[in-house]
Amino acid sequence: MKEPKWWLDTESLQGSDFAMSTAFSALMRKVFIWMALALVITGVTAYGVATTPSLLIAIVTNKALFWGLIIAELALVFAVSGLSLATATLLFVLYSVVNGATLSVIFLAYSMPAIIQTFFITAGTFGVMALVGYTTKTDLTSLGKLLFMALI
């Protein structure tokens, strides 16, 4: 916490920090819940499309449909900003469904156990990182460049 200026009341500064911390915690909980929901919607959609041969064949054989799905994903990402909460929520769910349809083709390339294992490893890593980010008091921003280098 920064040192308060002499013209600020220390108690009110601590109160606002507490209120901001509480609001941030509530926001992060909602963000992680929405991301988990999107992951479930995407996974269920991908599995549903992959187990429906006519849909899967349509996506794989029709380049216009496949590219349309990819362009729709990008358009939805750009469209979500600046909209009302209800509209943004609907577009977010629609994005998850379109993303699932696009990702359904991985079922053609990989076995079901490999997909399930990768899904749970990824979801587990996301959950652990969310827990670390939620419970740590340290600013982790400085690790971004280092972790990006490690990723590459």
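Over the chain, what percent of the accessible surface lies on carbon and sulfur atoms, probe 1.4 Å? Solvent-exposed carbon and sulfur of the chain make up 75 percent of the total. In terms of its C-alpha gyration tensor, segment 78-151 has an oblate overall shape, because the principal axis ratio a/c (a ≥ b ≥ c, square roots of the eigenvalues) is not below 1.5 and a/b does not outweigh b/c. Work out which chymotrypsin sites (Phe, Trp or Tyr not before Pro) in the chain are exposed loop sites (DSSP not H, G, I, E or B, at most 13 other Cβ within 10 Å) and give the longest gap free of them. Segment 8-109 is the longest. Per residue, the convex hull spanned by the alpha carbons of the chain comes to 166 Å³.
Based on C-alpha pairs under 8 angstrom that are at least 6 apart in sequence, the chain has a relative contact order of 27 percent. For the chain, the solvent-accessible area with a 1.4 angstrom probe is 76 square angstrom per residue. Note on residue 116: accessible area approximately 80 square angstrom, rounded to 10, probe 1.4 Å, nucleic acids and ligands left out. Helix 10-50 and the longest principal axis of the C-alpha atoms of the chain enclose an angle of approximately 10°.
The values are calculated or read from the model by the stated rules, or taken from the named source; none is laboratory data. Everything quoted here is computed from the prediction, not taken from an experiment. Glycine gets a Cβ as well: all are built from the backbone with ideal geometry, and neighbour counts include every protein chain shown. Accessible surface is based on the protein model in full, side chains and every heavy atom, while ligands, DNA and RNA are left aside. Shrake-Rupley method; radii C 1.70, N 1.55, O 1.52, S 1.80 Å.
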